[in-house]
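Below is one structure; the comments refer to it alone.
The values are calculated or read from the model by the stated rules, or taken from the named source; none is laboratory data. The structure displayed is predicted, hence computed values, not measured ones. Don't worry about glycine lacking a Cβ; one is built from the backbone with ideal geometry, like all the others, and counts go over all protein chains shown.
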Amino acid sequence: MQDKACVVFGGSYGGMLAAWLRIKSPETFQGALAASAPFLYFKDAPSAPEFEYAEIATQDFRTQLDKSPELIKESFTAMMNSTSDKWSEMSEIFNTCTPISNSSDITHLYSHYSNGYQYMAMTDYPYPAAFLEPMPAWPVSEAVKPFANIDTAEQYKKKMSKPEPVEEKSWYNNISQKIWHDKKEKKADKNGITKRESQLFSALAESTNVYFNYTGQYPCTNLSDWEGTGDLDGFGWNILACNQMAMPIGYGPDSMFLEQAFDFDTYTAWCQKSFGLTPDYDWALRYFGGFNIDKDFLAMTNIILSNGELDPWRAGGLNKNVTADGSGIALYIESGAHHLDLRPPNVDDPATVTEARNIEMANIKKWISDYQSIGNDLVQ
């Protein structure tokens, strides 16, 4: 069989593998298209800040509705601070399959919904898709709509601080009515969820259903589905993430999620308890490079590393051109989501995605042509 060029393709983890195959074995693989490949998101990688993933997801939502990250975070805070006297009502609002009965259920509910928002940002495709769960076109735009008519915390506080209009009565009757009104509000706060919490939780449930239950495929919210990965086997990834693929993603103060830095000790203990494995946090950077992207990838050739503007995983990708000969291309795709360029072309694709595919195709053709011409020159 005649020698042929071999170009590898991959998206997400597959993109990481594609890039690494070309980096380590250029004599075997003549090129690589690595789409949405976070192959730098490892411990101590200067180009991959711990909080950036969550901040990109937050920006996706903020672009569609400026106040939505603030309201979502307020909802999450109220959820995590809830007490047992509120759980019955919360179970009804969130339509949980089993009643919320302890703090672990609350934690799982938060993980369930926060992961749903992250996956929505990741797969914010311009047409209906079911990569993880069935969703409409531009799901983030749909998910912010339930929050559109809700005041921010500051606006709500100002409204509540204004005295309610009362009829012209004696000063005694007016004061008595105000005292009764204040006592009523305080009493309501002590028994179950407040009006504000009810409003936020209802919006949160409706919003996250864009990801979890857009087609009504599930009768209730499964508290045990805290990973929320839909059709993908998230537990299979956990094995990899407890070996060499541990990615230290944290949630900073500016994100729509509850603030939480990545805890290496806790995560290591969890991996050891769950799988008997100890993560090697910077193995990928030691073996493939990434501590210094300007030096480590200077000699890299024939690789396209594409990353979408909307994809939180671009935080761990190579987002600038660093190769000496220019054949290693960091391709930034405006309005692009997670490896959208690898999905079948669609009439609703943004022009930027179509153009990215054209660039990819032109380069791949050149790689193949260049390699095949070497064989032809030898025959002549």
- Query: Only one residue in W226, W237, W270 is at pLDDT 95 or above and in the same structural domain as Q59 (by TED's automatic domain parsing). Which one?
  - Reply: W270
- Within region 190-219, the residues that are over 29 Å from L132 (Cβ atoms) and outside any helix (DSSP H, G or I) are N191, G192, I193, T194
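Run down A35, A19, A48, A5 and say which single residue is touching a His at 6+ places or on another chain (Cβ under 6 Å), hydrophobic (A, V, I, L, M, F, W, C) and farther than 20 Å from Y211 by Cβ. Explain how you work it out, then say what you get.
Working: A19 fails: touching a His at 6+ places or on another chain (Cβ under 6 Å); A48 fails: touching a His at 6+ places or on another chain (Cβ under 6 Å); A5 fails: touching a His at 6+ places or on another chain (Cβ under 6 Å).
That would be A35, the only listed residue that is touching a His at 6+ places or on another chain (Cβ under 6 Å), hydrophobic (A, V, I, L, M, F, W, C) and farther than 20 Å from Y211 by Cβ.
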- Task: Taking only region 13-50 into account, find how many residues are touching a residue at least 40 places away in the same chain (Cβ under 8 Å) and surrounded by fewer than 20 Cβ atoms within 10 Å (Cβ to Cβ).
- Result: 9
- Query: Which residue pairs have Cβ atoms closer than 7 Å, lie 6 or more positions apart in sequence or on different chains, and pair a first residue in region 125-152 that is in a loop (DSSP other than H, G, I, E, B) with a second residue that is acidic (D, E)?
  - Reply: P126/D348; P126/D349; Y127/D348; L132/D231; P136/E142; A137/D348; W138/D124; T152/E70
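Residue-by-condition table, conditions (1) touching a Lys or Arg at 6+ places or on another chain (Cβ under 6 Å); (2) modelled with pLDDT of 95 or more; (3) of a type in the set (A, V, I, L, M, F, W, C):
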site: G252; (1), (2), (3): no, yes, no
site: M256; (1), (2), (3): yes, yes, yes
site: A261; (1), (2), (3): no, yes, yes
site: G276; (1), (2), (3): no, yes, no
site: W283; (1), (2), (3): no, yes, yes
site: D294; (1), (2), (3): no, no, no
- Could you tell me which numbered condition T352 fails, if it satisfies all but one of (1) free of Cβ contacts under 8 Å to residues at least 40 places away in the same chain; (2) buried (at least 16 other Cβ atoms within 10 Å of the Cβ); (3) outside any helix (DSSP H, G or I); (4) β-branched (V, I, T)? (3)
